[in-house]
């Protein structure tokens, strides 16, 4: 790693080193055990802007970098009318972590990821598998 690593590199190193046992290993184990990703999958990671969804997006990005299984990722943020400060915070955090987000503007919190999937299918995404691994699953005693 560089002498003066960028912030996203420090985050990645922290996930794989400092939080290897608590986060990275459990995440990888869940993906493998439940066969969540298949070769050629196109996965939409929905980001709310909170720390849980940002971490999930980073984990998926790192998995894609290190995985022997080829799959595509898209990072989606649905903006239901965030105030400017909240939206800017989501955009700046994603940029800081080098997560290339696509923002879809909506006027209600009720719209679901299913509507976004429809939009993506219109953009020639053949198969979309939503990876729903929550922090509660990752921290459950079953893993």
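The values are calculated or read from the model by the stated rules, or taken from the named source; none is laboratory data. Predicted model only: the values in this text are computed from it and were never measured. We place every Cβ from the backbone using ideal geometry, glycine too, and count neighbours over all the protein chains shown.
For the stretch 55-68, a residue qualifies if it is loosely packed, with under 13 Cβ neighbours inside 10 Å and either assigned to a loop (DSSP other than H, G, I, E, B) or touching a strand residue (DSSP E or B) at 6+ places or on another chain (Cβ under 8 Å) (or both), and exactly one does: 68. Only one entry in 103, 90, 43, 99 is surrounded by 15 or more Cβ atoms within 10 Å (Cβ to Cβ), without any contact (Cβ under 8 Å) to a residue 40 or more places away in the chain and under 17 Å from the mean Cα position of the chain (by Cα), namely 103. Residues in the stretch 28-54 that are closer than 22 Å to residue 105 by Cα and part of a helix (DSSP H, G or I): 51, 52, 53, 54. For the stretch 83-129, name all the residues that are outside any helix (DSSP H, G or I), out of contact with any helix residue (DSSP H, G or I) (no Cβ under 7 Å at 6 or more places or on another chain) and at pLDDT 85 or above. Those that are outside any helix (DSSP H, G or I), out of contact with any helix residue (DSSP H, G or I) (no Cβ under 7 Å at 6 or more places or on another chain) and at pLDDT 85 or above: 83, 100, 102, 103.
Which one is surrounded by the most Cβ atoms within 10 Å (Cβ to Cβ), of the residues in the stretch 9-32 that are farther than 19 Å from residue 93 by Cβ and touching a residue at least 12 places away in the same chain (Cβ under 8 Å)? Selected residue: 27.
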